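Novice: One structure, pasted below without further comment.
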Amino acid sequence: MDFVSILLIALGLAMDAFAVALGVGTTCKKIWFRPGFRLAFHFGLFQFMMPIIGWALGTTISRFIEGWDHWIAFGLLAYVGGKMIKESFGDSDSRPGADPTRRWTLVMLAVATSIDALAVGLSLAMLKVQILYPSIVIGVVAAAMTALGLALGKQLGVRLGKRMELVGGLVLVGIGLRVLISHMFM
């Protein structure tokens, strides 16, 4: 598989990570190097690992995974997005700032944005493509797009304030719905 094809696949897979990072950037009160690096690193790492896992699983269980991967992605994104929406209606002075770049929220977001990469790994196994190089490109592109989304989201959050927390939550729920609907009707 040539570099341009791999890059296009990587950009397509990174769009969910970019959109989630955009939402996170608008809602986090303190996006600086450490949380930004944490999010970009984990999104890139999961986008790197999932194709390898999918490739290793091969075609033997692809029918099983295809039946529920979209439900997992939807559930994780809807949960985190719903939590952000709920918090957007709360009193911002009385609640601590939620940090989606930490703990289980970070893991859930990383898994939710990389489920499609698992399916790509399964597809590449069926095409008998070696997986290491495409996985590296996919991971690096996802990390870069996450950093870009955070930076753009931070600018929007500074300009638009608390309303962006609601928008960020709605974006996450919307991505989850898009994943669910695209898998149900394709």
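Novice: So, LEU76, is that one modelled with pLDDT under 80, out of contact with any Asp or Glu (no Cβ under 9 Å at 6 or more places or on another chain), part of a helix (DSSP H, G or I) and over 18 Å from ILE175 (Cα atoms) or not?
Specialist: no
Novice: Pull out all pairs, ordered by first then second residue, where Cβ-Cβ is under 7 Å, the residues are six or more apart or on different chains, the first lies in segment 49-65 and is closer than 21 Å to ALA110 by Cα, and the second is at pLDDT 70 or above and polar (S, T, N, Q).
Specialist: Short answer, once both residue conditions are applied: MET50/SER114; PRO51/SER135; ILE52/SER135.
Novice: Another question, if that's okay. Give me the pairs, please: first residue somewhere in segment 1-14 and part of a helix (DSSP H, G or I), second residue anywhere and loosely packed, with under 14 Cβ neighbours inside 10 Å, beta-carbon distance under 8 Å, and either six or more positions apart or on two chains.
Specialist: Pairs found: ILE6/TYR133.
Novice: Criterion first (surrounded by 23 or more Cβ atoms within 10 Å (Cβ to Cβ), under 18 Å from ARG178 (Cβ atoms) and either at pLDDT 70 or above or of a type in the set (S, T, N, Q) (or both)) does GLY23 satisfy it?
Specialist: It is true that GLY23 is surrounded by 23 or more Cβ atoms within 10 Å (Cβ to Cβ), under 18 Å from ARG178 (Cβ atoms) and either at pLDDT 70 or above or of a type in the set (S, T, N, Q) (or both).
Novice: Which residue out of ALA143, ALA119, ALA110 is buried (at least 19 other Cβ atoms within 10 Å of the Cβ), in a helix (DSSP H, G or I), among the small types (Gly, Ala, Ser) and modelled with pLDDT under 80?
Specialist: ALA119
Novice: Count, please, the residues in segment 122-136 that happen to be surrounded by fewer than 19 Cβ atoms within 10 Å (Cβ to Cβ) and either in contact with a Leu (Cβ under 9 Å, 6 or more places away or on another chain) or among the polar types (S, T, N, Q) (or both).
Specialist: 3
Novice: Can you tell me how many residues within segment 80-107 are surrounded by fewer than 16 Cβ atoms within 10 Å (Cβ to Cβ) and either more than 22 Å from LEU39 (Cα to Cα) or modelled with pLDDT of 75 or more (or both)?
Specialist: 12
The values are calculated or read from the model by the stated rules, or taken from the named source; none is laboratory data. Predicted model, so just to flag it, every value in this text is computed and none were measured. With ideal geometry, Cβ positions are generated from the backbone for all residues, glycine too; neighbour counts draw on all protein chains shown.
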